[in-house]
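As structure tokens, the structure follows; a few thoughts come after it.
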Amino acid sequence: MKACASCQAENPENARFCNQCGASLAASPGPAPAAGYTPRHLRDGALRAAGAIAGERKRVTVLFADIKGSTRLAEQAGAELWHEVLDRFFGFLTQAVHRYDGTVNQYTGDGIMALFGAPVALEDHALRAAHAALDMQQAVRRYADELRLAHGLNLSMRIGLNSGEVVVGRIGDDLRSDYTAQGPTVNLAARLEHLCEPGRVYVSRATALQLEGYCRLRPLGAAQLAGHDEPQEVFELEDAGVRHERLQRSLARSGSPFLGRAPELAQLQRALDDARGGQGRVLAVIGSAGLGKSRLCHEFVEGCARAGVAVHRCSGVPYARRVPLLPIRDLLRGRLGVPAAASDEQARQWIAGALTLQISDAAALLPHVFEFLGIAAHGGSGMVEAQGSAQEQMLDRLATFLCCGEQPRVLLIEDLHFLDPATEAFILRLARVAVRERCLLLLNYRPDYPVGALDPVIGDRLQLRPLAAADLEDLARTLLGADPSLAPIVATLVERAAGHPYFVEEAVLALAEGGWLSGSARAWRLARPIDEWPLPDSVQALLAARIDRLEDAMRALLQAAAVIGQRFDAALLSAVVGDDATRVDARLLGLANDGFVRSDDEGWVFAHPLLQEVAYRGQLESRRRGVHAELARLLEQRHGPIEPPREISTRIAHHWRGAGDAGRAGLWGLAAARWVSTRNFETATDQCRVAIADLDRAGGDDPALIRTGALARAMLLRLAQFTPIAADELERAYEEARRMVAADDVALRAELGVSYGNRLLHRGRVDEAARTHEQAIALAMAHGETSVINRFRVAFLISFNAAGRLRQVLELLDATGDDWRTRPVDKENYMSRAYYGLMLGWMGRLDEAYRHLQAAMQIAIAEQGAAMSWMYAALVDLALLSGDFPPALMAAERGMRCAAESGSPFLRAIAQRALGLALGLNDRRAEAIEVLREAQPMVGPNGLAHLYEANLLATLALIEQEAGREQEAERTVQAACVSARGSGSRVWEILAVLVWLRQPVRAARRGEAREAIARVDELMAFTGAEGFRPWLHLARAHWSEHQEEVEAFTALARQAFVTIGAPAYAGKLQAEAMLDAAG
């Protein structure tokens, strides 16, 4: 064997060029030098990343290989022969590892441990490891045959592969120097090696999933391995099979539809039309990994083939970059029609026949073609033997042969970023010929590929745009299926894919493999909630390889930015890395040019969401914690005191959590939950739970943390009014909070009382809730803790209003001495002033009601809070009282939008009731009834808005009456009355009874009507809800038996409408009176 001086790979004795790196072997010194076992190209690449290798996480494939029964063999061979055997053995193994860009991590006495994907990430680490393992076994088998015949030794090897995450350590001046990989991934690979049958390769399920579609695997079942609780699936790697591209594998696995590329296909078709007309074209499709450039080219050339256009294609292969002209060999074999499975002899026969038919001097050219293809009978290296001008002439003839023919043809060469220099040079020849022939030379590559000498010959460039969100949604729905449980995850899939269809395909497969989906392809259903989205190994490997190609300083900056988050600002990044702002800005521009980040009006953002995830996950936890802690401190300086909370509170809590300081994370987390609660209740609930978990994790006897834990649980009780929380979780939170509250902590005891009162209100126990709130107010007042009362003013207004204690709650709140009702509306009092406006409406002071509510809404619009939804609903209620119907519908529709944004079923129920009322007031009664009935489950006994059941039912009954559905209205209003009395909702009871009193007069019901009128009179006296006074007068008029009484009560009603500020109703009654008088 002849060793290459450049890469130390062994080659056949008659080889002229290295099979691995393409270097000339003419002056080869023979045996490889002993200075090191790592080839220069690997060592240099690793050392360039040495600054990042001080410690990081990597997704890799680990290979363990050893000799079976080495002790017995060593005894049989003797020391001298055994030394020679091991020397040859390790040579085979290290050559195979280095051939596929792996690194030998350590020698194990009679074997090796190797890594693929570290120190430099490889996007196809599992496939490279598989090829290396098969090459090892092939080489060792050949050598074993020699040993068996010469020395009677039966040498055999076993290999185990496993893929997953490892922690790797620092390297020195060579990959041997204290470079380690640790973790369960390494352990499982070693266990598989020990389990493996001699002469075979065993792989784990994790590796098998990445090899599926590329290699032939045989499932062996599950084995119980030491160190693993559950049996592990084991597969035998039998063969590499025919070389497949990633696209072929993806299509075989997902069969995803081709969507959203009509403009690009049209551009390719125009180029083909030009070629058909005799104007050859060279066109390049440029796009990042996963964007769909290979799929676009595939669909285009498939269409060409169907149309009778000759198509020949090849692709760059990452692990074959140092095999010169390998893609062009594939292209030539395809042009000659050589079957993929043909032996060298069969291929020579096939090519000789094909060339003889197509070229007049084929006999002279055949030896060169055979050597070019690596199938020469004498075992040539695959490099062209001819020198100088003769070699140039032969390559020119091959280029002409590939481009020319009787019919137009398309030559597709994919993944130029994986090509070797010799192939790039040959493509330049092809391009120069193609433009003179009826040929379309179609190329594709990634944006970071340095085009170099090819740049002038590329006629058109098609920059592939990210796929539109609508197309990605269609793709996701197609791959997932139509099960309703999947609807919520489509948007997240589209967001995470960011225009890359390949990422959607791989994400769906990862969800299925991880057990989040059950069923079958295109008919999945959600099996369990997705607590943390998986990052597919294939996608992670693609992105990690891109990141590893960055210079150390750029890579470190990107990793620091990843800790900040998807979005970051340059000033904060500069502060956290401790570097000059000008230098950081320049590096960010460099990262932007390379497609890692981009800037917009809000600062900097990662170009793809998953780039941030990969850059973040690749760092050791200890390093991440340090950056998180520094970020938290910097943001605290920006925020100032923890109160009042602002949007930045959420980020501070996140970074303290990432830093491992659970206590400070909990303190800021509760502040963040309070800030979010004015915008989205579902998010606030999640934030509150996380804060509780952080505080519990912090543990200890710190009074401040214990108190904050109780506050967080009290807040959880209050949030239950707006978003679903399990009853047992709420009861547990209440009991835990009670135990945590110190006896002398009056403010917290009062707050917990408020929270429990809200819980009662949520369950429809209105009177009990108001009494509990009254007790909390009394406790706070008795100890001077009026700030608690002012904080929860809205909660008190809601419960007392529902209980019909309108005047009393105002007296209690005014007793604190706060001027919340009289001072200008501001951020502190705008919600309570809005609710006060609604109460004024019930109290018959509509002009004041509108003034307070509209002033509050100006602040609410600026704050963009969830409160907007119920404020719009309040406008609709005031429209009912005032008779000003037209604006109600617009307000209701806006309220629905705000409720949807809040994520709260509670607010949705309120908004939907208001929408139904507004539709009914504007004579769209059928729609109104449908909307209200749809909302009924939300206010039922198990609904979040059970508090408003009587209100909704009374509204529905009113619309049913207006629609002439008297029997339905009768049943509905009876249910409304029962609900109102059962819950103690006196205001809603007034409304329900007044609706009941609107039914047609029947003599048999006059007694019930008198009792109902008396009940309304009693309730109005208790509540002060004078806004209903006109309708009570109308009810008396409706049920009166004498015309004089009818006219008198109608006149009273007209005057009462004027008094409360409802001139529209008064005017209507006046007009009716005038018509009656005229008649």
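Scanning the range 591-643 for residues that are among the hydrophobic types (A, V, I, L, M, F, W, C), under 20 Å from the mean Cα position of the chain (by Cα) and not in a helix (DSSP H, G or I) yields Phe596, Val597, Trp604, Val605, Phe606, Ala607. Being farther than 23 Å from Glu238 by Cβ and either over 47 Å from the mean Cα position of the chain (by Cα) or at pLDDT 95 or above (or both) holds for only one residue in Gly152, Gly55, Gly109, and it is Gly152.
Checked against the criterion of being farther than 30 Å from Asp548 by Cα and crowded, with 24+ Cβ neighbours inside 10 Å, the candidates Asp661, Asp694, Asp686 yield just one match: Asp694. Does Glu345 satisfy the condition of being of a type in the set (Asp, Glu) and at pLDDT below 85? Judged against the criteria, Glu345 is not a match.
Within the set Ala911, Ala899, the sole residue that is of a type in the set (A, V, I, L, M, F, W, C) and in contact with a Lys or Arg (Cβ under 6 Å, 6 or more places away or on another chain) turns out to be Ala899. Only a single item in (1) in contact with a His (Cβ under 9 Å, 6 or more places away or on another chain); (2) surrounded by fewer than 22 Cβ atoms within 10 Å (Cβ to Cβ); (3) assigned to a helix (DSSP H, G or I) is not met by Gln138, and it is number (1). Taking every residue in the range 409-428 that is in the same structural domain as Pro447 (by TED's automatic domain parsing) and pairing it with any residue that is assigned to a helix (DSSP H, G or I) and polar (S, T, N, Q), at least 6 positions away or on another chain, the pairs with Cβ-Cβ distances below 7 Å are Glu414/Ser294. Residues in the range 895-912 that are crowded, with 18+ Cβ neighbours inside 10 Å and more than 15 Å from Asn951 (Cα to Cα): Gly895, Met896, Cys898, Ala899, Ser902, Gly903, Ser904, Pro905. Taking Asp744 as the residue in question, decide whether it is charged (D, E, K, R), farther than 30 Å from Trp656 by Cα and not in a helix (DSSP H, G or I). It is true that Asp744 is charged (D, E, K, R), farther than 30 Å from Trp656 by Cα and not in a helix (DSSP H, G or I).
Residues of the range 436-453 include none that is of a type in the set (Gly, Ala, Ser) and touching a Phe, Trp or Tyr at 6+ places or on another chain (Cβ under 8 Å). The residue pairs whose first member lies in the range 1058-1071 and is on the phi > 0 side of the Ramachandran plot, whose second member is surrounded by fewer than 20 Cβ atoms within 10 Å (Cβ to Cβ) and among the basic types (Lys, Arg), and whose beta carbons are closer than 9 Å, counting only pairs six or more residues apart or on different chains, are Gly1061/Arg845.
What helices (runs of 4 or more DSSP H), lying completely within the range 754-869, carry at least 2 residues that are among the acidic types (Asp, Glu), closer than 23 Å to Gly895 by Cβ and over 44 Å from the mean Cα position of the chain (by Cα)?
Once the helices (runs of 4 or more DSSP H) in the range 754-869 are filtered for at least 2 residues that are among the acidic types (Asp, Glu), closer than 23 Å to Gly895 by Cβ and over 44 Å from the mean Cα position of the chain (by Cα), what remains is 846-863.
Could you tell me whether Thr708 is more than 24 Å from Leu806 (Cα to Cα), touching a residue at least 12 places away in the same chain (Cβ under 8 Å) and touching an Asp or Glu at 6+ places or on another chain (Cβ under 7 Å)?
In short, no.
Any idea which of Leu667, Leu631 is touching a residue at least 24 places away in the same chain (Cβ under 8 Å) and over 25 Å from Arg57 (Cβ atoms)? The unique qualifying residue is Leu667. Being in contact (Cβ under 8 Å) with a residue 24 or more places away in the chain, more than 30 Å from Glu532 (Cα to Cα) and surrounded by fewer than 21 Cβ atoms within 10 Å (Cβ to Cβ) is a condition met by at least one residue of the range 589-604.
Residues in the range 463-507 that are touching a Phe, Trp or Tyr at 6+ places or on another chain (Cβ under 9 Å) and free of Cβ contacts under 8 Å to residues at least 24 places away in the same chain: Leu493 alone.
Applying the set (1) assigned to a helix (DSSP H, G or I); (2) surrounded by fewer than 19 Cβ atoms within 10 Å (Cβ to Cβ) to Arg525 leaves exactly one unmet item: (1). Counting the residues of the range 619-642 that are farther than 16 Å from Ala561 by Cα and touching a Lys or Arg at 6+ places or on another chain (Cβ under 7 Å) gives 1. Scanning the range 697-736 for residues that are surrounded by 14 or more Cβ atoms within 10 Å (Cβ to Cβ), within 13 Å of Leu667 (Cβ to Cβ) and charged (D, E, K, R) returns a single hit, Arg707. Residue count for the range 706-751, restricted to those that are more than 21 Å from Ile789 (Cα to Cα) and among the hydroxyl-bearing types (Ser, Thr, Tyr): 1. Scanning the range 140-165 for residues that are in contact with a strand residue (DSSP E or B) (Cβ under 9 Å, 6 or more places away or on another chain), free of Cβ contacts under 8 Å to residues at least 60 places away in the same chain and aliphatic (A, V, I, L, M) yields Val140, Ala144.
Condition check ((1) closer than 20 Å to Arg908 by Cβ; (2) among the acidic types (Asp, Glu); (3) not assigned by TED's automatic domain parsing to the domain that holds Leu907) across all residues:
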| residue | (1), (2), (3) |
| --- | --- |
| Glu811 | no, yes, yes |
| Val825 | no, no, yes |
| Tyr830 | no, no, yes |
| Leu840 | no, no, yes |
| Leu846 | no, no, yes |
| Arg851 | no, no, yes |
| Val876 | yes, no, no |
| Gly883 | no, no, no |
| Ala888 | yes, no, no |
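Determine whether the range 555-575 contains at least one residue that is more than 23 Å from Pro501 (Cα to Cα), among the β-branched types (Val, Ile, Thr), surrounded by 15 or more Cβ atoms within 10 Å (Cβ to Cβ) and touching a residue at least 24 places away in the same chain (Cβ under 8 Å). Yes.
The values are calculated or read from the model by the stated rules, or taken from the named source; none is laboratory data. Since the structure is predicted, the reported quantities are computational estimates derived from the model, not experimental observations. For neighbour counting, all protein chains shown are included, and Cβ atoms are generated from backbone atoms with ideal geometry for every residue, glycine included.
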